[in-house]
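The values are calculated or read from the model by the stated rules, or taken from the named source; none is laboratory data. Since this is a predicted model, take the numbers as computed values, not measurements. Don't worry about glycine lacking a Cβ; one is built from the backbone with ideal geometry, like all the others, and counts go over all protein chains shown. These area figures cover heavy atoms from the full protein model, side chains too; ligands, DNA and RNA do not enter into them. Shrake-Rupley method; radii C 1.70, N 1.55, O 1.52, S 1.80 Å.
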Amino acid sequence: MSAAPHTPVMPDEALAYLNVRPGGRYIDCTAGAGGHSAAILEASAPDGRLLANDADPAALAVARARLAGYGDRVRFSERYFDEIADAATAAGVVPADGLLCDLGVSSLQLDTPERGFSFRESGPLDMRMSPAADLTAAAIVNEYEEADLADLLYRLGDERRSRRIARQIVARRPLATTTDLAKAVEQAAGKGRKASTSSRVHPATKTFLALRMAVNQELRRLGDLLALARSLLGFGSRLVIISFHSLEDRLVKQFLRDASQGDAPAFRVLTRKVARPSAAEVERNPRSRSARLRAAEAR
């Protein structure tokens, strides 16, 4: 197997909570470069099966190459994770023994300027996980009303300067590139807060996060996946969600809390306290620092 350019987050914890075993059937809703998928296939050898899904065709191409050696034990699907039901059934992994969803953005996306996910290098204002999607970040920053743009930045990015940033974006329209947008945010943040080489957090970080979440409808899709998950899992099977945003983690936490109550609960929560990456992992992979893992067992 060839090495992948993306390091999976919390792989040991994910495998443990998924309770991966030989012969099991698993769904990796966000396969990315295939790191978690490879770990699941190894742990479920010799006859475990997996559906590796991702909305990003570029990431899925890397996963296909990485997982080629597992032969027909792995099937592939290109779609957003909330649309996975038919593909999972067709792949013969329903009812699944485990379903994993890693909500993070991969290095493949962040480090490719043409995708527009990062302000580190100039690229188009795109931010789509799937190139088939219609909405882009350019459409939002150049077409939304100022008040709607400010609301989006505040709600999804927890950006306290959302009104100033929205005002500056509107004043600089049209914005064509990620650096155009980053400069607008820097201007709105004020000279004293302008990013420098010593800054730990770029002032545009929350704006880019909010736009990415809006472009890909991430909260709506997560809610739809959670509502769908129990129908894809067998009794005693495991659901594992790794999130990187407080809104995502709150949504997962509330869903599992509600789904584990009542006379006929759908899940039993396994992570009463959210699981976090170890200090050693954060040192090896700084992008894991904000990861939060929650898990449940289907009832």
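Overview of values
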item	result
Listed candidates [x] 1.10; [y] 1.03; [z] 1.20 - label of the one calculated as Cα Rg over 2.2 N^0.38 Å	[y]
Shape of the stretch 1-104, Cα gyration tensor, a/c cut at 1.5	rounded
Low-density loop positions, chymotrypsin sites (Phe, Trp or Tyr not before Pro), the stretch 203-250 - DSSP coil, at most 14 other Cβ in 10 Å	none
Cβ-based net charge around Phe235, under 12 Å, with every Lys or Arg adding one and every Asp or Glu removing one	+2
Nearest-ten-degree value, helix 146-157 long axis tilted from longest Cα axis of the chain	40 degrees
Helix axis angle, 246-259 relative to the chain longest principal axis, alpha carbon, degrees	40 degrees
In the chain, lysine pairs with alpha-carbon atoms under 16 angstrom apart (chain gap of 8 or more, or interchain)	5
Surface per residue (accessible, 1.4 Å probe) for the stretch 19-112, Å²	35 Å²
Per residue accessible area of the stretch 171-299, 1.4 Å probe, in Å²	51 Å²
DSSP bridge pairs, the chain: antiparallel proportion in percent, nearest 5	40 percent
Heavy atoms of Ile169 accessible to a 1.4 Å probe, total area in Å² rounded to 10	0 Å²
Protection-proxy order for peptides 136-147, 104-115, 260-271, each taking the mean of Cβ atoms within 10 Å per residue, highest first	104-115, 136-147, 260-271
Within the accessible area of the stretch 2-157 (1.4 Å probe), percent carbon and sulfur	48 percent
Most to least packed among 22-35, 151-164 [average Cβ atoms within 10 Å]	22-35, 151-164
Principal-axis tilt of helix 218-232 within the chain, Cα atoms, nearest 10 degrees	10 degrees
Point-to-point label distance, Asp224-Arg73, nm (Cα→Cβ direction, 7 Å offset)	3.2 nm
